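Enquirer: Right, I'll just put the structure down here and ask away after.
Just so it is clear, none of the values below were taken in a lab; they were calculated from the coordinates. The shown structure was predicted, so the numbers you read here are calculated from the model rather than taken from an experiment. Neighbour counts are summed over all protein chains in view; Cβ atoms, including those assigned to glycine, are modelled from backbone coordinates with ideal geometry.
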Amino acid sequence: MNVLGIETSCDETSVAIISNDILTANLISSQDFHSKYGGVVPELSSRAHLQIIIPLLKDALKKSNLELKNMDLICATAGPGLIGALLVGLTFAKGLAYSLKKPFVAVNHIEGHIFSGFLMKEKPEFPYLVLVVSGGHTLLLLVESFTRVIKLGTTVDDAAGEAFDKVSKLLGFGYPGGPQIERAAAFGKSDKISFPIADLKEPFNFSFSGLKTSVLRYVQSNYKDASLISLDDKNEIAAAFQKAVVTALIKKVEKALSQFKVKSISLVGGVAANSELRKSFEKLSKQHNLKLVIPDLEFCGDNAAMIAFRGMKSYEHGLVNDLDFSPYPGLTPQHFS
Ligand code: KG4
Ligand code: ZN
């Protein structure tokens, strides 16, 4: 079976092909030009998706040694994401499914991330605990099977990636912030400043807006202007902030591990690229004697391989979507119980 996956939910255009359970292409085109605006500009994102999607599809077919007519299933991200950006990939995929007379599956982007560990050689074993940390979402979930995912907690305000992006902007680094904060933090000591970690009533929820505000207050009370912060000080602020985020995330994962019996743990989404967070997960998995699955960097950020995989599994469990399926910007109550 040949499965085509298409992802255009934000600022990455991606086309992937899974052929007889082997990933033969996962092409990702990142829209780097957003960095000069300090964040993703939705309309520019949609236009860039439109320009690149057909060349990417052609390259993915060539790389896989396949033709469009060989595709058996067409999958695309339907949400959550930027509505205009989603429309490009989703409409393109529906058009392909219609003209090829092949089934179509609309994939939830977060479900793509949740199961992205299956793209690795060493796969998660059910039941597993997964932490989804991306630019728009922070979710702690218990995954019992390909059809049963239980939400344990989520952020009550900013997503972890969003906090990285906002603090990066505050320190005068560019967008996306995560990699720049990580780079700066590598040169700073994390114990010079102590930023607070939210203590919420709900056991598995997260909050990052207080942390972001305390970084802002720290900068305002110690410097006349953010542009006057020395590089050394920026590195220290970045290191202390990164430590606070990692500690906050790990605290909730540990709490969940004390309540739920699982076989594996998985860390997914764009922020899963963070090496301090990866190290903390490695430590945790050893302490609890659990299998750890963190996808390779190519599968942490947005990619169509995870969309093709999730779509294929949904199809194998009987899902086929109508061609009038509409994109959706956020998670709806029917996603995760
Ligand atoms: O999953 P993703 O590619 O897109 C969304 O679905 O949102 O995640 C993007 C997020 C951005 O906020 C970016 O700053 C963050 O992932 N990120 C990182 C790192 N690399 C990317 N955050 C922390 N450390 C990193 N190394
Ligand atoms: Zn994502």
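Enquirer: Compare Ala305, Ala16, Ala248 in a GNM of the chain, Cα atoms joined below 10 Å, and give the one with the largest fluctuation.
Expert: Greatest mean-square fluctuation among the candidates belongs to Ala248.
Enquirer: Under a 10 Å cutoff between Cα atoms, tell me which one of Ser99, Ser30, Ser280 has the largest fluctuation in the Gaussian network model of the chain.
Expert: Highest fluctuation among the options: Ser99.
Enquirer: Considering all alpha-carbon pairs of region 31-113, what whole percent are spaced by more than 20 angstrom?
Expert: Of all Cα-Cα distances in region 31-113, 41 percent exceed 20 Å.
Enquirer: Can you give the angle from 0 to 90° between the axis of helix 209-222 and the longest principal axis of the chain, with both taken from C-alpha atoms, to the nearest 10?
Expert: That works out to roughly 40 degrees.
Enquirer: Please go through the residue pairs Lys166/Lys192; Lys94/Lys252; Lys121/Lys255 and name each one whose alpha carbons sit more than 30 Å apart in this structure. Display every interim value, and only then the final one.
Expert: Values: Lys166/Lys192 21 Å; Lys94/Lys252 39 Å; Lys121/Lys255 28 Å.
Lys94/Lys252, as the Cα separations exceed 30 Å there.
Enquirer: Tell me the relative contact order for region 1-143 as a rounded percent, counting alpha carbon contacts under 8 Å between residues six or more apart. Don't skip to the end; give the middle numbers.
Expert: Working: 238 pairs, mean separation 32.3, N = 143.
It rounds to 23 percent for region 1-143.
Enquirer: Another question, if that's okay. Where both partners of a DSSP beta bridge lie in region 63-180, what percent of those bridges are antiparallel, to the nearest 5?
Expert: On the way: 11 of 16 bridges.
Restricted to region 63-180, the bridges split so that about 70 percent are antiparallel.
Enquirer: By count of other Cβ within 10 Å, fewest leading, how are Asp233, Asp225, Asp165 ordered?
Expert: Working: Asp233 17, Asp225 8, Asp165 26.
Fewest-to-most ranking of Asp233, Asp225, Asp165: Asp225, Asp233, Asp165.
Enquirer: Return Met71, Met306 ranked ascending by Cβ neighbour count within 10 Å, so the fewest neighbours appear first. Spell out each step's value before the answer.
Expert: Numbers: Met71 20, Met306 30.
So the residues, fewest neighbours to most, are Met71, Met306.
Enquirer: To the nearest Å, what is the center-to-center distance of region 1-59 and region 180-258, using C-alpha atoms only?
Expert: Using only Cα atoms, the two centres lie 32 Å from each other.
Enquirer: Just to be sure I understand: of the beta bridges DSSP finds with both ends in the chain, what percent are antiparallel, rounded to 5?
Expert: Once the DSSP bridges in the chain are tallied, antiparallel ones form about 60 percent.
Enquirer: Taking the Cβ of Ser209 as the centre, find all other residues whose Cβ is under 12 Å away and add up their charges (Lys, Arg: +1; Asp, Glu: -1).
Expert: Spelling it out: positives minus negatives among the neighbours equals -1.
Enquirer: A further question follows. When only Cα pairs under 8 Å and 6 or more residues apart are kept, what is the percent relative contact order across the chain?
Expert: Working: 714 pairs, mean separation 82.6, N = 337.
Relative contact order comes out at 25 percent.
Enquirer: Return Val215, Val105 ranked ascending by Cβ neighbour count within 10 Å, so the fewest neighbours appear first.
Expert: Fewest-to-most ranking of Val215, Val105: Val215, Val105.
Enquirer: Quote the relative contact order of region 210-337 in percent (integer), defining contacts as alpha-carbon pairs under 8 Å separated by 6+ residues.
Expert: Contact order relative to length: 18 percent.
Enquirer: How far is helix 304-316 tilted off the main Cα axis of the chain, in degrees rounded to 10, range 0 to 90?
Expert: The helix 304-316 is inclined about 50 degrees to the chain.
Enquirer: Per the Kirkwood definition applied to all pairs of different Cα atoms, how many angstroms is the hydrodynamic radius of region 136-267?
Expert: 15.7
Enquirer: Turning to a different aspect of this structure: Just add up the charged neighbours of Lys169: K/R +1, D/E -1, any other residue whose Cβ is under 12 Å from the Cβ of Lys169. Walk me through the numbers before you get to the answer.
Expert: Working: positive: Lys166, Lys212; negative: Glu162, Asp165.
Combined, the nearby Lys, Arg, Asp and Glu give 0.
Enquirer: Can you tell me the orientation of helix 231-259 relative to the chain, as the angle in degrees between its alpha-carbon axis and the longest Cα principal axis, to the nearest 10?
Expert: 60
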